[in-house]
Amino acid sequence: MNLPIILMIAPGNTPFMRPRVIVNCAMSPDGKIAGTERRQLRISSPEDMERVRELRSQCQAILVGAGTILADDPHLTVKGLPRDAQALRVVLDPRGKVPETALVLDGRASTLMVTTEDCARTYPGAEVARLGRGAIDLGALLNLLERRGVSSLLVEGGGETIYSFFRWGLVDVYSVFVGDFVIGGREAPTPVDGEGFRTGEHVPLRLVSVERLGGGVHLTYEVRRDG
C-alpha cells in the first residue's frame, strides 16, 4: 500500500517522520467488541474477513497490544502468503506478559516485541525494542518503524491500545465493521477503551465511505486535523 508517511513534530519542535496509521476493528451495533467474559468473538461477516485479509496484505506492519495476544492468541499473518511477504508483527508488551508459546512468536513472520526500558524481558525468535519508561513511547515506536521502511501500520486492538493511539493523535484512518447482533454488557469492551476523552477533547472524524458487507456495514473515517 503506497500511503504517505506523515511528518510529526516531537517535543522540543523536532520534526520526525512516521507511518500512516490505520485502526481497524469490528464491533456490534451497540458498540461492543466482545462479551463481558472478553473471549474472542467473531463479529465480521465472511465478506469483511476478506476485506481485512486484503488490508493486512497491503500494510507493512500489524500491531496489537499484549491483552489481545493473551485473550485471542492470533497469528497476525495472512494465510497463503510466504514468510517474506508477511507484514511485520508488532506487539506492545510493557509488562512482559506475553508467553513464549504465543503464536505471534511462531516464526511464520518477523515479530517486533515492544516493551519499556524498565522491562528486561527477552522473547525467543523476536526482536525487542525498549522504548520509554513506565509506558511505551508510541512516537518513538513510529519513528523506529519509519526508519525500517514501514509506511503503513495497521492497529488491530485491543481497546486500550487503540485509545492510546487516538490519545496521542497518531491515528489517520479509523476503519470499523458493524456487525448484525447485539452483545450488551456494562463491562463489555468497546473499540476504544482506556480513560476516555473529556468533553471538548473528543477526536473529530470525517466519514469517507460506507459499504455493506454481508449482514453488516463497513465504515471508513479519516481523522480531521482541522479541529
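The values are calculated or read from the model by the stated rules, or taken from the named source; none is laboratory data. Treat the numbers as computed from the prediction; the structure is a model and nothing was measured. Every residue, glycine as well, gets a Cβ built from its backbone with ideal geometry; the counts of neighbours run over all protein chains shown.
What to note about this one:
- Scanning region 185-227 for residues that are on the phi > 0 side of the Ramachandran plot and in contact with a Cys (Cβ under 6 Å, 6 or more places away or on another chain) gives no hits.
- Options P204, P191; residue that is under 30 Å from E47 (Cβ atoms), at pLDDT 95 or above and out of contact with any helix residue (DSSP H, G or I) (no Cβ under 9 Å at 6 or more places or on another chain): P204
- Test: residue in region 94-103 that is part of a loop (DSSP other than H, G, I, E, B) and at pLDDT below 95: no
- Subset of region 114-135 (residues that are at pLDDT 95 or above and touching a helix residue (DSSP H, G or I) at 6+ places or on another chain (Cβ under 8 Å)): V114, Y123, A126, A129, L131, G132
- Considering the conditions (1) farther than 30 Å from T36 by Cα; (2) in a strand (DSSP E or B), R108 is excluded by exactly one of them, (2).
- For region 54-70, the set of residues classified as of a type outside the set (S, T, N, Q), buried (at least 17 other Cβ atoms within 10 Å of the Cβ) and in a helix (DSSP H, G or I) consists of L55, R56, A66, G67, I69, listed by residue number.
- Identity of the residue in region 200-214, in contact with an Asp or Glu (Cβ under 9 Å, 6 or more places away or on another chain) and surrounded by fewer than 13 Cβ atoms within 10 Å (Cβ to Cβ), that ends up farthest from Y163 (Cα to Cα): R212
- Of all residues making up region 122-139, the number that are over 21 Å from G107 (Cα atoms), surrounded by fewer than 16 Cβ atoms within 10 Å (Cβ to Cβ) and of a type in the set (G, A, S): 2
- Restricting the search to strands (runs of 3 or more DSSP E) fully inside region 112-227 and requiring at least 3 residues that are without any contact (Cβ under 8 Å) to a residue 40 or more places away in the chain and not small (G, A, S) gives 127-130, 205-213.
- Condition met for R206 (among the basic types (K, R) and farther than 20 Å from S28 by Cα): yes
- Qualifying residue in region 171-186 (condition: in contact with a helix residue (DSSP H, G or I) (Cβ under 9 Å, 6 or more places away or on another chain) and either among the aliphatic types (A, V, I, L, M) or surrounded by fewer than 16 Cβ atoms within 10 Å (Cβ to Cβ) (or both)): yes
- Meets criteria (among the hydrophobic types (A, V, I, L, M, F, W, C) and under 24 Å from F177 (Cα atoms)) for V128: no
- Any chance A102 is surrounded by 14 or more Cβ atoms within 10 Å (Cβ to Cβ) and either free of Cβ contacts under 8 Å to residues at least 12 places away in the same chain or closer than 25 Å to F181 by Cα (or both): no
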